[in-house]
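The values are calculated or read from the model by the stated rules, or taken from the named source; none is laboratory data. Please read all numbers here as calculations on a predicted model, not as lab measurements. Positions of Cβ are generated from backbone atoms using ideal geometry, with glycine treated the same way; all protein chains shown enter the neighbour counts.
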Amino acid sequence: MTSASPATPIPDAKPDHRIEVARRRRETMRARIMAATMKVCSANPTVIPTIDEIIQTAEISRGAFYRYFSSSPEVIEAVGVELMNELADAIVSIYDTLTDPLQRACVGTFLVLGRAVHDPEWASFILRADLTIHNSRVIEYIRQDMKTGLEAGYFRIANVQWAAEFLMGMNLTGIRGLMVRPDEDIELYCHEAVRFVLRSLGVAEDEVSRVMAWGDQYLSAHGARANWWERGKADPEIAVKPPRKKPSARKIAT
């Protein structure tokens, strides 16, 4: 009996480069529309741009626009989410090295408000997009911090998701307030905004004062007072001390 010859292996199919080319074209066109929207908004920050203004700036047809977005507010929201995700990426070296939820709430709020102070164009666009309950990495950070702080007993909140939405809303309100503040009031305004955020989470007054004093030192040590999002990684040698007191844990509502 003769043995059967081994089957000849079938070579893997070569990837269809046309699929990759089409994907890149879609990404390029979407980015082109979003960039045009930002340009139009920057030229007239108080008016929602029309589709005609966007397609004229992008130099595309109306049909091309509708293949990616259904309205100008939808583009604005998409750009806003992308800007918030870019913010999340930028704060990682300063914010994500912290593990204590009080410190993260304090530093995170300072960083968002600081970005608004030093980058008004970014702040103006963020305020256009309804980002309070939409998905972005920033609100995911906030949601996780609310859960961790509640588990540890630092925060007195009834529902993690609600608290994350309220805190995101307070950040946006703070940004809006900064846009009309005289320069001499900005530092005090930012401090009071952070203090209000911590109080609203049920943090005891002595802990609020303590963590804010720590936050000032931490941000100064990291050179995070101006244009922090353009800087390199923070110094990992800076000590991070946890809060002295840890209240009893409360039941989590998610």
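Within segment 136-151, identify whether any single residue is surrounded by fewer than 17 Cβ atoms within 10 Å (Cβ to Cβ) and within 20 Å of Glu82 (Cβ to Cβ), and answer yes or no.
yes
Any residue in segment 40-67 that is assigned by TED's automatic domain parsing to the domain that holds Arg23 sitting within a Cβ distance under 7 Å of a residue that is in a loop (DSSP other than H, G, I, E, B)? List the pairs, counting only those 6 or more apart or interchain.
Correct list of pairs: Val40/Pro49; Cys41/Pro49; Ile55/Ser61.
Quick check on this structure: which one of Val138, Val160 is at pLDDT below 90 and either closer than 19 Å to Val203 by Cβ or not hydroxyl-bearing (Ser, Thr, Tyr) (or both)?
Going through Val138, Val160 in turn, just one is at pLDDT below 90 and either closer than 19 Å to Val203 by Cβ or not hydroxyl-bearing (Ser, Thr, Tyr) (or both): Val138.
Okay, residues lined up against (1) farther than 30 Å from Phe196 by Cβ; (2) over 17 Å from the mean Cα position of the chain (by Cα):
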{"position": "Val40", "(1), (2)": "yes, yes"}
{"position": "Ile48", "(1), (2)": "no, yes"}
{"position": "Ile55", "(1), (2)": "yes, yes"}
{"position": "Glu82", "(1), (2)": "no, no"}
{"position": "Ser93", "(1), (2)": "no, no"}
{"position": "Arg115", "(1), (2)": "no, no"}
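For Ile91, state whether it is assigned by TED's automatic domain parsing to the domain that holds Tyr154, modelled with pLDDT under 85 and out of contact with any Ser or Thr (no Cβ under 6 Å at 6 or more places or on another chain).
It is true that Ile91 is assigned by TED's automatic domain parsing to the domain that holds Tyr154, modelled with pLDDT under 85 and out of contact with any Ser or Thr (no Cβ under 6 Å at 6 or more places or on another chain).
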